[in-house]
1. Between A:R145, A:R139, which is surrounded by fewer than 17 Cβ atoms within 10 Å (Cβ to Cβ), among the charged types (D, E, K, R) and modelled with pLDDT of 90 or more?
2. Of all residues in the stretch A:93-112, which are in contact (Cβ under 8 Å) with a residue 60 or more places away in the chain and among the charged types (D, E, K, R)?
3. Go through A:G114, A:G119 for me and flag whichever is within 11 Å of chain B (Cβ to nearest Cβ), touching a strand residue (DSSP E or B) at 6+ places or on another chain (Cβ under 6 Å) and not aliphatic (A, V, I, L, M).
4. Scan the stretch B:53-63 and tell me whether some residue there is surrounded by 15 or more Cβ atoms within 10 Å (Cβ to Cβ), modelled with pLDDT of 85 or more and under 17 Å from A:L21 (Cβ atoms).
5. Just to check your reading of the model, which residue among B:T101, B:T97 is away from chain A (no Cβ under 14 Å), of a type in the set (S, T, N, Q), more than 19 Å from the chain's Cα centre (by Cα) and not in a helix (DSSP H, G or I)?
6. For A:V106, which of the numbered conditions (1) over 17 Å from A:S47 (Cα atoms); (2) out of contact with any strand residue (DSSP E or B) (no Cβ under 6 Å at 6 or more places or on another chain); (3) more than 10 Å from chain B (Cβ to nearest Cβ) fails to hold?
7. Go through the stretch A:70-94 and count every residue that is more than 9 Å from chain B (Cβ to nearest Cβ), basic (K, R) and either in contact with a Phe, Trp or Tyr (Cβ under 6 Å, 6 or more places away or on another chain) or closer than 14 Å to A:R32 by Cα (or both).
8. Identify the residue in the stretch B:7-52 that is more than 10 Å from chain A (Cβ to nearest Cβ) and modelled with pLDDT of 60 or more and, among all such residues, is farthest from A:A137 (Cα to Cα).
There are 2 protein chains.
Amino acid sequence: MATVTAAQQRAQAKVEYDAFLAVCPSRKLLDRISDKWVALILAGLGSDAPHRPGADCAGEPRALRYSELLRLLAGVSQKMLTQTLRSLERDGLVSRTVVPTVPVTVSYELTDLGLSLYGMMRGLKAWAEVHMDDVLANRETYDTRGA
Amino acid sequence: MATVTAAQQRAQAKVEYDAFLAVCPSRKLLDRISDKWVALILAGLGSDAPHRPGADCAGEPRALRYSELLRLLAGVSQKMLTQTLRSLERDGLVSRTVVPTVPVTVSYELTDLGLSLYGMMRGLKAWAEVHMDDVLANRETYDTRGA
C-alpha cells in the first residue's frame, strides 16, 4: 500500500465529492442541510432573529436554551426540534451544554463549522424574505396565464 | 380606504416577512427553496456542473434540455424532476422554452431571479462538498463517544 499523508487524503477526497452524484456522501449532507428547520435553528443561534428585551445585539452568535428555540421556531414540534438538534450536534455544527441546575439547563450554540454554514444559510433566509413579493407576483402571472 | 402606492405596499410587506413565523409566506418559500433537487437544478443551470465535451465554460449560466437535467441529477425520478421544474417555473426562477422540432425540444434556463438564488445555493452545495470530511470526522467522534 502506498503511504499517503492525511493532507493528501483530504485533498483527494475534496476533489472526489460531487453532490450531483447520488452515491456521493456530500449529496446526503446537502440533503440534510437543505432543511427549513436547520436553516431556522442556525439563523436563531446565529442571532438573525427578532430582538427580545435584554437580548444580545443582533448579529452576535449566542447560546439558546431548548425552550427558547422551541418558542422562536413557531410551529416546530418537540420531536422535530430534538431530532434536528441531535443531528446538528452529531455533525459538529452545534454544541450542547448541560448545566446541572435544578431543573437541568440545556443550551445550544454554533461551533466554528456551524458558523461557517450559518453564513450561507443566513443568505438563503434573507433571500426568501426579500424576494417573497416577486415570487408571489410570478405565481399570480403563471396561474392566470393558463386561464 | 387609504391610498397607498405599490412601492409603499412593497416596503411594508418586506418589513413584515419573517421566516421564523409559521404563518409567514416567506416560511413556505424557505421550505420550498430548502430542497436538495432545487439546489441541484439551480447548480446545473447555473453551470456549476461537471464539464461535458463541447459544453460552455463552467460558471456560465446555460439552457439545459429536460433529458440533460435528468441525466445530470443522478437518482432523480421523472415525476420529481417534472414537479420541481414546474414549481420553479411558477415561482419565476426558471423559464421554459419549447422549440417545435420533431420531437419537440423543451429547455430550461435561469431567470434573473433564479440567478440571484443560484448565487446563494451555489455556496451551499460547495459548502457541503468542502466540509464533508469535517462532518464525517465529527460523526465518528460523536458515535464512539457514547460507546
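1. Numbers: A:R145 fails: modelled with pLDDT of 90 or more.
Answer to the check: A:R139.
2. A:E109
3. Details: A:G119 fails: touching a strand residue (DSSP E or B) at 6+ places or on another chain (Cβ under 6 Å).
Answer to the selection: A:G114.
4. No, every residue in the stretch B:53-63 fails to be surrounded by 15 or more Cβ atoms within 10 Å (Cβ to Cβ), modelled with pLDDT of 85 or more and under 17 Å from A:L21 (Cβ atoms).
5. Testing whether each residue is away from chain A (no Cβ under 14 Å), of a type in the set (S, T, N, Q), more than 19 Å from the chain's Cα centre (by Cα) and not in a helix (DSSP H, G or I) leaves just B:T101.
6. Condition (2) is where A:V106 drops out.
7. If we filter the stretch A:70-94 for residues that are more than 9 Å from chain B (Cβ to nearest Cβ), which is where we start, we get A:70-71, A:77-88, A:94.
Now narrow it down to the ones that are basic (K, R): A:71, A:79, A:86.
Next, from what is left, pick out any that are either in contact with a Phe, Trp or Tyr (Cβ under 6 Å, 6 or more places away or on another chain) or closer than 14 Å to A:R32 by Cα (or both): A:86.
So the answer is 1.
8. B:S47
The values are calculated or read from the model by the stated rules, or taken from the named source; none is laboratory data. What you are looking at is a predicted structure, and each value in this text was computed from that prediction instead of being measured. We place every Cβ from the backbone using ideal geometry, glycine too, and count neighbours over all the protein chains shown.
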